[in-house]
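The values are calculated or read from the model by the stated rules, or taken from the named source; none is laboratory data. Remember, it's a predicted structure, so these values are computed and weren't measured experimentally. Cβ atoms come from the backbone with ideal geometry, glycine included; neighbour counts cover every protein chain shown.
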Amino acid sequence: MNNKQQIHAVTGAFGYSGKYIAQNLLDKGCTVQTLTNSFMRENPFGERLKVFPFNFDDPKKLRESLEGVTVLYNTYWVRFNHQSFTHSDAVRNSLVLFDAAKKAGVERIVHVSITNPTSEMDLEYFQGKAILEKAIVESGISYSILRPAVLFGKEDILINNIAWALRKFPVFGVFGDGNYGIQPIYIEDFASLAVEQGSVRENIIINAVGPEFFTYSDLVKTIGEIIGKNRPIISISPLAGYIFSKMVGLLVRDTFLTWEEIKGLMAGTLAVDTPPVGTTKLTDWIKSHSETLGKNYTSELARRINRDVRYQSN
């Protein structure tokens, strides 16, 4: 199947994972367009990338922007609830997007989900992801559902902000025993996987994890050792950790960590028992970025609100 003769639509090409997927497609000579809420943000791709607003409130316009598109790469989601955006909004908008894609004749959806989505746990983030996976499977459109645990790279949030906290504070607290797993995947490995999946038509769900498995405590310890901030790691209760996270959030004017994220992390949702699909080791990447990683805090909220500002690299 010749990707170069197709139109590929990527949601959020001015964001994080969407940007890397779009870049990978453009590097292959593909015709690419994006759907975004940040159409005033600087376009790093220039005339090579056509830009459309999401138009969730106008399904007809949304469908029209997808006409002629062969593959839709969907990265659209929100990390936490806020007065300006919620998980329920993201679910509703995503369902509108899928319906528009089907009516526009899109042949395949490559959808970014999360490891271990479930409707059984009282975690709205994972419940929403489970609802969207079910909708895609039942849509009749060819699909690939990618389930990353944590993405790392130049614009990531979690790994950078762990490093920032290690630089900023004399100790680092982990929730409970810290022995719950996490399997990060490099953003460029993930983008390559997404584009690869856009070229086939097999219905598939893939756990998109990297080659290294860490417990959360080991992850923090490893980051600290590599950046030269080997802080004492102490066990704290989830509630104490959440309260401290709220205090840090006030300091940086962001949502540092949510109660749902703490519960999900401790429940082992960011680890799976499947072979890795990424090849880049987090430890190797941190070593090559040890001088800059965590020097500045990365704000999720600022990215959501300041939609005319380009994402900054760590």
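Quick notes on this structure:
- Condition met for Ile131 (touching a residue at least 24 places away in the same chain (Cβ under 8 Å) and crowded, with 19+ Cβ neighbours inside 10 Å): no
- Ala208 meets the conditions (1) over 17 Å from Arg79 (Cβ atoms); (2) in contact (Cβ under 8 Å) with a residue 24 or more places away in the chain; (3) out of contact with any Pro (no Cβ under 7 Å at 6 or more places or on another chain) in every case but one. The failed one is (3).
- Hits in region 269-290 - residues which are of a type outside the set (Ser, Thr, Tyr) and either touching a Gly at 6+ places or on another chain (Cβ under 6 Å) or part of a helix (DSSP H, G or I) (or both): Ala271, Pro276, Gly278, Leu282, Asp284, Trp285, Ile286, Lys287
- Qualifying positions in region 191-213 - farther than 15 Å from Thr274 by Cβ, touching a helix residue (DSSP H, G or I) at 6+ places or on another chain (Cβ under 9 Å) and buried (at least 21 other Cβ atoms within 10 Å of the Cβ): Ala191, Ala194, Val195, Gly198
- Residues satisfying the stated conditions in region 32-61, i.e. more than 23 Å from the chain's Cα centre (by Cα) and not acidic (Asp, Glu): Gly46, Arg48, Pro59, Lys60, Lys61
- The residues in region 221-253 that are hydroxyl-bearing (Ser, Thr, Tyr) and either under 15 Å from Lys168 (Cα atoms) or in a strand (DSSP E or B) (or both) can be counted, and the count is 2.
- At least 3 residues being crowded, with 22+ Cβ neighbours inside 10 Å is the threshold, and among the strands (runs of 3 or more DSSP E) wholly inside region 1-95 those reaching it are 7-11, 31-36, 69-74.
- Some residue of region 303-310 being touching a residue at least 12 places away in the same chain (Cβ under 8 Å), surrounded by 15 or more Cβ atoms within 10 Å (Cβ to Cβ) and within 25 Å of Phe175 (Cα to Cα): no
- Applying a threshold of 8 Å to beta carbon distances and a minimum spacing of six or more residues, or different chains, the list of pairs starting in region 233-250 at a residue that is small (Gly, Ala, Ser) and ending at one that is exposed (fewer than 12 other Cβ atoms within 10 Å of the Cβ) and not in a helix (DSSP H, G or I) reads Ser235/Asp177.
Yes/no per residue for (1) outside the structural domain of Val174 (by TED's automatic domain parsing); (2) in contact with a His (Cβ under 9 Å, 6 or more places away or on another chain); (3) of a type in the set (Val, Ile, Thr); (4) surrounded by fewer than 18 Cβ atoms within 10 Å (Cβ to Cβ):
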{"residue": "Tyr216", "(1), (2), (3), (4)": "no, no, no, no"}
{"residue": "Gly228", "(1), (2), (3), (4)": "no, no, no, yes"}
{"residue": "Ile234", "(1), (2), (3), (4)": "no, no, yes, yes"}
{"residue": "Pro238", "(1), (2), (3), (4)": "no, no, no, yes"}
{"residue": "Met247", "(1), (2), (3), (4)": "no, no, no, yes"}
{"residue": "Phe256", "(1), (2), (3), (4)": "no, no, no, no"}
